[in-house]
Amino acid sequence: MRDAARIQTAIDIFEKIEEARIPMDNTIRDYMKFRRYIGSKDRKYIVELVYNVMRSYARLNWWIEKEQLEPNARTKILIYLVLIGSSEHDILIRFTGEKHCPEPLSEAETSLVANLQGKALDDSNMPEEVLAECPEAHLEKLRNVFDEEFLAHMQAMQIPAQMDLRVNTIKVTRERAQEVLAADSVETIETPYSPYGLRAVGKPYMSATKAFHKGLVEIQDEGSQLISYVCQAKPGMRVLDYCAGSGGKTLGIAAQMEGKGIIYAMDNNSRRLEKGRRRYKKAGIHNVEVRSLEDEKNRKWLRRQEGAMDIVLVDAPCSSSGTWRRNPDYRWYQYGPSLEEIKSIQADILNRVADKVKSGGYLIYATCSLFIEENESQVDEFLKSHSDYQLQNIKDLWPSGSENCPCDGPYLRLFTKDHNTDGFFTAILKKQ
């Protein structure tokens with residue numbers, strides 16, 4: 001494809017994203033599914049352009065309002081291209097109106113391109129919340145979290161995430177996994193906090209590698225790996241992963257257990273659980289029992305598990321605000337329940353599993369949210385009504401010693417700026 005056709009495709013996709021109200025990765029996947037003729041290099045260019053425009057959403061809208069233009073997909077992409085350095089000539093030879101190319105510039109657009117030459121995406125006149133790409137609805141909440149470093153933290157989440165891998169220690173050591181990946185020209189470095197994490201240099205196509213095909217590694221953010229890590233599951237334990245989904249954290253916990261004991265993977269979505277089942281088989285893990293909450297017999301089984309579990313992990317449904325660097329559209333579009341509804345769901349789940357932990361066992365509560373309302377506040381409310389639980393200091397329980405713990409205070413609080421991970425929260429509660 002010519003660059004002009006790529007740009008028009010990006011405009012078409014962005015229009016669908018703004019109309020569809022489903023996550024943009026799904027919209028892009030559905031669009032590409034029926035256009036097999038678009039080659040891999042073209043797809044890469046198109047997807048990166050769409051994601052970069054979404055990462056610049058607030059700043060582009062600021063420029064659009066300043067120039068008094070219509071805030072549509074074409075205008076956003078046009079302004080983005082100019083502000084990242086495209087010259088008038090570059091724009092004119094791409095916006096030609098030829099087949100598969102964007103329509104020629106209007107008089108207003110031609111004037112816009114000329115006016116924006118030499119300007120940057122960030123402007124000194126922009127309000128801080130615009131530079132931060134922060135929705136007004138979340139501004140106060142995030143200022144409460146980040147305080148004086150608000151802008152620095154928010155700008156760190158505008159940078160695309162690197163690719164982290166979790167080594168499947170059931171099959172291979174981290175060192176050996178690096179060697180196998182290197183044989184397929186995938187260079188990696190060890191992650192600083194997760195003892196079984198690797199960080200890929202660049203963006204390799206993992207599906208083509210022997211390590212991924214044989215289940216030696218899984219793609220998983222280091223922060224997500226650390227949630228499994230702090231569970232400290234031991235061989236022979238009984239563990240309940242209550243919101244298991246497709247099994248990312250279940251895999252990490254099962255590896256800790258070395259195939260001994262049992263981990264129950266539960267979720268209210270059978271389709272997600274089935275994806276997990278395929279991943280467990282590929283990883284060579286055989287001590288996972290999948291139980292869908294859509295099945296009444298599994299709900300009855302759960303009610304009988306009072307005091308039966310050494311560990312219960314609640315990786316709770318949340319706003320996913322900690323994943324904004326991966327999912328920039330989540331800043332601006334609400335695809336599921338409101339924050340108030342999510343908080344209610346989280347509290348209900350915690351109350352539902354509280355009696356499943358045995359005396360001396362642990363309830364691990366985790367989210368990929370930045371908001372205090374979904375994190376510290378939820379733990380505080382839970383402890384008020386469950387005096388048999390006590391909050392543990394994360395540093396005291398850090399598996400490799402407190403000096404290696406990435407956080408101070410009782411909670412595991414991970415931020416992109418400080419830890420180069422997605423935003424995660426984890427609390428460890430011990431049943432007395």
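Brief remarks on what is shown
- Reciprocal mean inverse distance between Cα atoms of region 342-404 - Kirkwood radius, Å: 13.0 Å
- Hydrodynamic radius (Kirkwood) for region 36-189, which is based on Cα pairs only, to one decimal in Å: 18.8 Å
- Pairwise centroid distance, computed over Cα atoms, of region 54-91 with region 186-228, Å: 35 Å
- Degrees between helix 40-55 axis and first principal axis of the chain (Cα, 0 to 90, nearest 10): 90 degrees
- Measuring nothing but how far apart in sequence close Cα pairs (under 8 Å, 6+ apart) lie, relative to its length, region 332-432 scores a relative contact order of 33 percent.
- For region 149-222, with +1 on Lys and Arg beta carbons and -1 on Asp and Glu, the positive-most of 153, 186, 202 along the dipole: 186
- Angle of helix 270-283 to the longest C-alpha principal axis of the chain, folded into 0 to 90 degrees and rounded to 10: 80°.
- In a DSSP loop and with at most 16 other Cβ atoms within 10 Å, the trypsin sites (Lys or Arg not before Pro) in region 21-62 are 21, 35, 36.
- Ranking 288, 316, 351 by Cα position along the charge dipole of region 281-379, where only Lys, Arg, Asp and Glu carry charges on their C-beta atoms, puts 288 farthest toward the positive end.
- Whole-Å distance, taken between Cα centres, linking region 355-375 and region 118-184: 24 Å
- Principal axis box of the chain, alpha-carbon based, largest edge first, Å: 73, 48, 45
- Magnitude of the charge dipole for region 234-283, about its Cα centre and with charges confined to Cβ atoms of Lys, Arg (+1) and Asp, Glu (-1), is about 200 debye.
- Over the chain, Cα pairs under 8 Å with separation of 6+ residues give a relative contact order of 12 percent.
- In a reduced charge model with +1 at each Lys and Arg Cβ and -1 at each Asp and Glu Cβ, region 1-147 shows a dipole moment near 900 debye about its Cα centre.
- Helix 174-183 and the longest principal axis of the Cα set of the chain meet at an angle near 30°.
- Choice from 56, 124, 270 with maximal GNM fluctuation in the chain (Cα, 10 Å cutoff): 124
- Probe 1.4 Å, protein heavy atoms only - accessible area per residue of the chain in square angstrom: 46 Å²
- Across region 268-341, the relative contact order, built from alpha-carbon pairs under 8 Å that are at least six residues apart, equals 21 percent.
- Whole-percent carbon and sulfur share, accessible surface of the chain, 1.4 Å: 47 percent
- Solvent-accessible ranking of 93, 170, 253, largest area first, probe 1.4 Å: 93, 170, 253
The values are calculated or read from the model by the stated rules, or taken from the named source; none is laboratory data. All values reported here derive from a predicted model rather than from experimental measurement. Here the Cβ is made from the backbone with ideal geometry for all residues, glycine too, and neighbour counts use every protein chain on show. Side chains are part of the model used for accessible areas, which takes the heavy atoms of the whole protein and leaves out ligands, DNA and RNA. Shrake-Rupley method; radii C 1.70, N 1.55, O 1.52, S 1.80 Å.
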